[in-house]
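The values are calculated or read from the model by the stated rules, or taken from the named source; none is laboratory data. None of the values given here were measured: they were computed from a predicted structure. Backbone-built Cβ (ideal geometry, glycine too); neighbour counts: all protein chains shown.
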């Protein structure tokens, strides 16, 4: 690791063209890609929501499916950015050597990493909107406050896109990403309040939950779905932003170490 | 165009570029020859600003490297050793998207695409997917992609490695056309015939150093005797000890073959013609002989 790898980022406006490249590829496969993004969270939300929801009284004063809908928005938003940054990002960086080709043009690695994080966030944005649309169509929530979820999906996407890219930067192969899912994503899905309130967990696990980024995303989104203004908004935003900024910087340093040696 | 002065680069304890001085003149085709691991690709990466030198100065197209590498690369074209065309795009889309990285407007690139495809012999493949192209077509598309910004200087890393003879000749022909148009070219290769055909000047690189630089003819004249006889057959070793030793200025044995280097080959040829137990080939010395003399015959894997 050299001192230069830690230098502050230097971007050029041409990062937009790298984002456009990814968008153009996505556009060719938009329909299967959207279906793939949607089917999984949709089935969880509807299956568990109606199935389990019929067996239990309201959760935190709302029908279970509405409770689950808020979790599903966050979890599918997290997943979209994560898959994009890990698998697709790794393909572009390592397998197809697309990044190498771009770096021979007047575009720096810093531009590419920035474009990749923004692209991962864009994918989150798309799946967030899709789930939100279903929530509106099914009448699970009509609160005007749900519109605030739209910009939030971008922030959540930036957070998980940046964290995912740190893994991509050190991955020797695709199998490596299993660690990330087993040790980081799955715990978040189960501990951060997607399927049940965090307050159901023992104290120690609640403590763990409180430092995980998905918890803070859900603490913002769930009240909005219920038509209430969330509490501690600044604090939750700050945690998500901090994960995004630290993750982005780490991804930058690690990809520089990998590719600019 | 490109100048390197006293450039050094180490990875851990191993120095892979050990004080390279190189000056590329406008309009020339310059070849960097060397065995695998000689430091050729690292030298190109240093020139591109993709890795920082530990010592020395690099100037590319008037810009200091690595500090202003992004600006220098605006007027540069690169053909990488391993094809990295975008598999998600068609042939024409590859050119269009790549042009955007140079800040070129779509209409500018679209206007250039027919010419680039014609140059690459891919006019009929504009809408083909990359997976359907042969190795030679991919390399030609890589070359066309490197020309999308109409660069002054082209860097090519082993442009014909892995291609069949037809594809290699086509690439050589295109590179000659580019030099005729006034472009400057720096290429790395370990094919000596490629260097002899294409390059105005070559440097032999080994173990991180440029050990000899000049025109191909100068390198041959400076480093090696002009006549070569290759001797095969069961009597080859016997002949070398009996007559070769006396009649060649220098000889060496590689496997079953004896290489005899001489200013005047006639006396040696006379003794060979008298023998029944050898076959032999008399030819002029070429760059490969120089290369093998300078870098040795040992394998470099």
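Picking from residues in the range A:162-178 that are more than 13 Å from residue A:89 (Cβ to Cβ) and in a helix (DSSP H, G or I), the one that is farthest from the chain's Cα centre (by Cα) is A:175. Selection over the range B:189-207 of residues that are assigned to a strand (DSSP E or B) and more than 17 Å from residue B:174 (Cα to Cα) gives a count of 6.
Scanning the range A:96-113 for any residue that is more than 14 Å from every other protein chain (Cβ to nearest Cβ), assigned to a helix (DSSP H, G or I) and either out of contact with any strand residue (DSSP E or B) (no Cβ under 7 Å at 6 or more places or on another chain) or surrounded by fewer than 22 Cβ atoms within 10 Å (Cβ to Cβ) (or both) turns up at least one such residue. Return the residue satisfying two criteria in turn: it lies in the range A:11-39 and is crowded, with 17+ Cβ neighbours inside 10 Å and over 20 Å from residue B:93 (Cβ atoms), and of such residues it is nearest to the other protein chains (Cβ to nearest Cβ). Once the filter is applied, the top-ranked residue is A:37. Which of the residues belonging to the range A:192-214 are without any contact (Cβ under 8 Å) to a residue 24 or more places away in the chain and surrounded by 12 or more Cβ atoms within 10 Å (Cβ to Cβ)? A:198, A:201, A:205, A:206, A:208, A:209, A:210 - these are the residues of the range A:192-214 that are without any contact (Cβ under 8 Å) to a residue 24 or more places away in the chain and surrounded by 12 or more Cβ atoms within 10 Å (Cβ to Cβ).
Every condition in (1) touching a residue at least 24 places away in the same chain (Cβ under 8 Å); (2) part of a helix (DSSP H, G or I); (3) touching a helix residue (DSSP H, G or I) at 6+ places or on another chain (Cβ under 9 Å) is met by residue B:72 except one, and the failing one is (1). All of (1) within 13 Å of chain A (Cβ to nearest Cβ); (2) without any contact (Cβ under 8 Å) to a residue 60 or more places away in the chain hold for residue B:119 with one exception: (1). Checked against the criterion of being in a helix (DSSP H, G or I), modelled with pLDDT under 95 and surrounded by fewer than 19 Cβ atoms within 10 Å (Cβ to Cβ), the range B:146-165 contains one or more residues that satisfy it. Residue count for the range A:202-261, restricted to those that are assigned to a helix (DSSP H, G or I) and within 14 Å of chain B (Cβ to nearest Cβ): 5. Taken over the range B:1-27, the criterion of being part of a loop (DSSP other than H, G, I, E, B) and surrounded by 16 or more Cβ atoms within 10 Å (Cβ to Cβ) is satisfied by B:1 alone. Here the range B:94-111 is the region considered, the condition is being out of contact with any helix residue (DSSP H, G or I) (no Cβ under 8 Å at 6 or more places or on another chain) and part of a helix (DSSP H, G or I), and the residue that is nearest to the other protein chains (Cβ to nearest Cβ) is B:107. Picking from residues in the range A:1-10 that are assigned to a helix (DSSP H, G or I) and more than 9 Å from chain B (Cβ to nearest Cβ), the one that is surrounded by the fewest Cβ atoms within 10 Å (Cβ to Cβ) is A:3. Scanning the range B:35-48 for residues that are crowded, with 19+ Cβ neighbours inside 10 Å, at negative phi and not in a helix (DSSP H, G or I) returns B:35, B:38.
Could you say whether any residue in the range B:88-98 is under 24 Å from residue A:16 (Cβ atoms) and modelled with pLDDT under 95? Yes, some residue in the range B:88-98 is under 24 Å from residue A:16 (Cβ atoms) and modelled with pLDDT under 95.
Taking the range B:76-93 as the range and being more than 7 Å from chain A (Cβ to nearest Cβ) and either touching a residue at least 24 places away in the same chain (Cβ under 8 Å) or within 26 Å of residue B:188 (Cβ to Cβ) (or both) as the test, the residues that pass are B:76, B:77, B:79, B:81, B:83, B:85, B:89, B:90, B:91, B:92.
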